[in-house]
Amino acid sequence: MSGRAFTSLFAVILFTCLALLPGPASAIKFQLQAYRYPQSKCIWNPIHNNALIIVTANVGPGEGQQVDIEIVDSSPQKNVYLSKRAINGETRLAVTSHAEGEVGVCFKNTLDSNYSIEKASKAARIIDLDVDIGADAVDYNAIANQESLSGLETEMRKLEGIVKEIVDEMAYLKKRELRFTDTNTSTNNRVQNFAWLTILSLAGLGAWQIMHLRSFFKRKYLID
């Protein structure tokens, strides 16, 4: 077997194995109930910093209802990446994450004030949501056409993206493990310091009680 053929076979096998791994993408279809003052319904997915996120939402028909979409994250800053009102049909949105954590695609279905009260309980719209994150969000066909890549080169580019995600995931897990280790060490030191403080406080309180009782008994001439 020639070196080129072996490289091609290795690339195909590696890509097949990596493709079997669960990817950072999700597709869900649900019914969104309409209310006069609706609460947000959010679908959350884990993300890394600087990850490309492609959200495709297909909103079904619904008379007297307005569906709004908002993309946020779970970071302490509560970043709002995008907000769009009154979406209908298929809507495709692209954002890039600014923090580690989770990204939430939130929907609100607002019922029109003129909508019949009798029909309000049945007012809902079907949402077909597809969220692609990282390598799954990259259009490699467009890249191949733009850069004139061969089929093997395109597959290798896909592998490069997937491997990079795996490396980033391992680096994130290592960073989180170090943070947990530091937290455990700090907590252990605080517990030890509190224990020593408690022991010294009890010893001091015991000595003070002995001295106080000795002074009291001397005043009462109970002891010399």
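The values are calculated or read from the model by the stated rules, or taken from the named source; none is laboratory data. Bear in mind that the values here come from a model prediction, so they are computed numbers and not experimental data. Methodologically, a virtual Cβ is constructed for each residue, glycine included, from the backbone with ideal geometry; neighbour enumeration extends over all protein chains shown. For the accessible areas, the whole protein counts, side chains as well, though only heavy atoms, and no ligand, DNA or RNA atoms are used. Shrake-Rupley method; radii C 1.70, N 1.55, O 1.52, S 1.80 Å.
Once the chain from Thr56 to Glu153 is taken as fully extended at 0.36 nm per residue, the excess over their C-alpha distance is 32.2 nm. Heavy-atom accessible surface of the chain, averaged per residue, reaches 69 Å², computed with a 1.4 Å probe. On the beta carbon distance between Ala94 and Leu205, with R0 = 45 Å, the FRET formula returns roughly 0.10.
Ordering Ser75, Leu149, Asn88 by Cα displacement along the dipole of the chain toward the positive end leaves Ser75 in first place; charges were set at the Cβ atoms of Lys, Arg (+1) and Asp, Glu (-1). A cut-off of 5 Å between modelled amide H atoms, ignoring neighbours fewer than 5 places along the same chain, links Ala99 with Asn50. Residues His48, His98, sorted by accessible area with the largest first, give His98, His48 [1.4 Å probe; ligands and nucleic acids excluded]. Which of Leu178, Leu152, Leu200 ends up with the largest GNM mean-square fluctuation for the chain, with Cα atoms connected below 10 Å? Among Leu178, Leu152, Leu200, the largest mean-square fluctuation in the Gaussian network model of the chain belongs to Leu200.
Given Leu129, Asn114, Gly101, which one lies farthest toward the positive end of the charge dipole of the range 93-145, if we put +1 on the Cβ of every Lys and Arg and -1 on the Cβ of every Asp and Glu? It is Asn114, whose Cα lies furthest towards the positive end.
Ranked by the mean number of other Cβ atoms within 10 Å per residue, highest first, peptides 56-64, 124-132 order as 124-132, 56-64. Accessible area of the chain with a 1.4 Å probe: how many percent of it is carbon plus sulfur? Summing carbon and sulfur atoms, their accessible area is 58 percent of the total for the chain.
Averaging the Cα positions of each part gives two centres, and for the range 44-80 and the range 108-136 these lie 13 Å apart. A simple spin-label model places the labels of Lys29 and Tyr172 2.9 nm from each other, with each point 7 Å out along Cα-to-Cβ. Name the shape class, rounded, prolate or oblate, that the alpha-carbon gyration tensor gives for the chain, where a ≥ b ≥ c are the square roots of its eigenvalues, rounded holds for a/c under 1.5, and otherwise prolate holds if a/b is larger than b/c and oblate otherwise. Here the chain falls in the oblate category.
Under a 5 Å amide H cut-off, with hydrogens placed 1.01 Å from N, Ala124 pairs with Ala34 among residues at least 5 apart or on other chains. Taking the Cβ-Cβ separation of Lys41 and Asn193 as r and a Förster radius of 35 Å, what is the calculated FRET efficiency to the nearest 0.05? The pair Lys41/Asn193 has a calculated efficiency of 0.15.
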